[in-house]
Each structure stands twice: as structure tokens, then as C-alpha cells.
1. Please give the length that would be gained between residue 262 and residue 158 if that part of the chain were fully extended, namely 0.36 nm times their separation in residues minus their C-alpha to C-alpha distance (nm, one decimal).
2. From largest to smallest, what semi-axes in whole angstrom does the range 236-276 give when each is the square root of 5 times an eigenvalue of its alpha carbon gyration tensor?
3. By average Cβ neighbour count within 10 Å, what is the ranking of 20-29, 199-208 from highest down?
4. Each residue of the range 152-162 in order: what ³J(HN,Hα) in whole Hz does its phi give by Karplus 6.51 cos²θ - 1.76 cosθ + 1.60, θ = phi - 60°, with x for Gly and Pro?
5. Pull up all non-local amide H partners of residue 172: gap of 5 or more, or a different chain, and H-to-H distance under 5 Å with H placed in the peptide plane.
6. Starting from the amide H of residue 243, placed 1.01 Å from N in the peptide plane, find each other amide H under 5 Å away whose residue is 5 or more places distant or on another chain.
7. Could you tally the net charge around residue 149, taking each other residue with its Cβ under 9 Å from the Cβ of residue 149, Lys/Arg +1 and Asp/Glu -1?
8. Quick one: of 162/214; 213/285; 72/285, which pairs are farther than 30 Å apart, Cα to Cα?
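Read the figures in this text as sums done on the coordinates, not as results from a lab. Since we're looking at a predicted model, the values are computed, not measured. As a convention, Cβ positions derive from the backbone with ideal geometry for all residues, glycine included, and neighbour counts pool all protein chains shown.
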Amino acid sequence: MKSAIVGVFVLLTFTSVKGQDRIQDAGDLSAQDIRDVILDEMNRLRTLVEPGPPSNMNLLKWSDTLEVCSMKHAVTCPNAHDGFECVMASENMFGINWPITKEKLEYRVNGWWNEINNPGYNWYIAQAVDGQWASTGHYTNQDGARVTEVGCGLFDCSSQQKPSNLVCKYRSTFTDLGDYVKKVYQLSNGTSRLYEVGEPCTNCRYGNGWCYKKLCVEECPPGTKESGECKCALVDRCNEGNLNPDTCQCECDRNNVGLKCDRSCRNFGNCKTVDCNDPVIARTKCPGACGQCDCVDNGECVHGSFDTSPNVCDCVCENSWEGSACDVCNPFECTNGGKPMQCNLFSKVHEDVSERLSQPIGHIAM
């Protein structure tokens, strides 16, 4: 028992002395060079998605916390993921050999990216096939628009006759994405797009249109506005409102909401308990609940009705229908051999026909 305790003490002391909780210089690259190469290549690839360009892709920032957690795993010379033992974050791993070079790092980052060609991913519609992410997990970690932070670690395990790995962890700083993504971006088969296609930075989660290297940023990096590297992507895009050039935000006319003031008043998620002091939530997620607009039925719910109460302020769909306008058919799953209920595609048509038949028939010009 005593020898085991001594062994643990020596290991912890060695880790602290060697600074193995952070990336170390390797070959001709400094620790900061390694971080910059990885981060620059990931951000470069995020602008090249197909179909594209992406309208809501965030610029990745380096996280020291994620780097420390990645290093804790890398120094164990692992052959499997560590789960969420250090932090709640997605993880990628890829074998890498010493000495470390810029080309090797870029090759490993591209290796994760190339999973887009695997059969489990439909690149044309930017989603997994039938919700099966197994063969594309590394790509989806790296390409998801909602991801904002990354931190990596790597360690030379050759002296232990074990494989060395580049370990990277990814996470989002947004905490309210679940309902928002499900409501606004969910596709008919139940999987969500990794990103939205459109002009760069015109659908940013930050609530503005600041655009740096064709990616969304909360604020322009120092000096990049003056140099023209960071610009406002919402110029001439505020449909029913006016652009505030200082904040790069569209200030909408009453009852028009959304990043570009292009939506009628409605909530986009569960708004029963929501922090309306968050300007992004108030303007783009729960404008009805936060008093930014008046909830009025504009007849947009194809197979349902509009609930005008501020906490709902949205379409309430009929059975088997879903989507922001109740226009997406999603039959119920049945058990014990039952058949799923199909959507009545003609319910609206029947109403229109009945209404017309009850009216006088006019003369037909020959």
C-alpha cells in the first residue's frame, strides 16, 4: 500500500514539474504556434462547408480550460475517449507521431473533417442520415455552428511504446440552444442541421452581424474594424427596421422580430420561464413573452391555430403536424402492430371548398 502511495505522489509531482497540464513546445513549434495552427485550420475549414456558405457559423476561440482537460487525457497515452470526466464537452482523438510539424497538425485536423465523405452523413442537406452520427462524430464535433470553444492537448508517448494522440475538446457557451435549435432548425426526420446556409454572419446566435473571417463573432477583435477585416453583415438587411451601426443590430419596427426583422411576432421555444434581460433571447427567441411585440394571429398556421398568449405566442399544431407553421407531416409512431396516423393533407382544401360552395356562383364569361 505504501509503495502505491509513493508512486502516485511521484507521478503527480512529475506532472506538475513538467507542466504537462498545458501544451509544450515541440520540434520547431512553440506551444503557442501549435495552438495557432490547430485553431486557424479549424476556422478555415468551418468557412468551406458544403452546401454553403454558412450563415450562423461561429469563430472558434481557444479555451485554456479545454486545453487542460485535453492534456489530462493525452498524458495517459489513451486508446479511448475519456467521456466527461474533466468537463462536459465533445472530444476528438487522432494518432500523431513525433516530431510535431505544422503539416502533421493540419493533416490531423483535416482527417476529422474528411468524415463528411462517410456514408453516415448527407452533405447535401448538412445532416446525418437517419440520425446515425456514429461514423461522422468527429466531423460533427468540429463543424457544428453552435460550437464556440476548442482546446487541445498532445503528448509524446513513444518512450512508453504507446500511441501518441492529438486530443481536442469542443463546447458551446450558449446555454439555451436546445429548444431554439429544435424549433427553428429541426428537419422533418428529427435530426438538426449542423448549420444554416446563407450569406455569412446573417444569422448569428450572438444577436448581431459582426463578421470576422466569414464567421460570427460577438465582438470584432481589436483593430479589425479599422483594418476592414471585421465588418457588419447586416447592412441593407434590416427588412422592417433600421440598422444600428455601432452594435451591428437591426432595431425592428413594432411587431417585427428576428435578427433581420423579417419575422412576425412569435416565440421560438419554451418561454414560460425565460430571462428577458438577455437581449438575444428577448429579440430572437421569446419576443412575445418579453413584450417586444404583440402576439396576433396572422393566419400563418397551416394545420393548427395560433395561441396569442404571450408565453406561447406560437402555432399549436393539429395531430401529426409540426413545424413553425404546422406544415410538416410527422405521423405518430404506433406500438403493438398498429398503423401510424397519417396527416390529412387536404384538411385546409376541404375547408376552402366548403366555404366557396356556400357562396353564390357568379356568371362565367364566355
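1. Gain in length upon complete extension: 31.7 nm.
2. 21, 12, 7
3. Packing proxy ranking, top to bottom: 199-208, 20-29.
4. Running phi through 6.51 cos²θ - 1.76 cosθ + 1.60 with θ = phi - 60° gives 10, x, 8, 8, 7, 9, 4, 5, 9, 6, 10 Hz.
5. The answer is 148.
6. Here the answer is 251, since their amide H atoms fall under 5 Å of that of residue 243.
7. Summing Lys and Arg as +1 and Asp and Glu as -1 gives +3.
8. 162/214; 72/285
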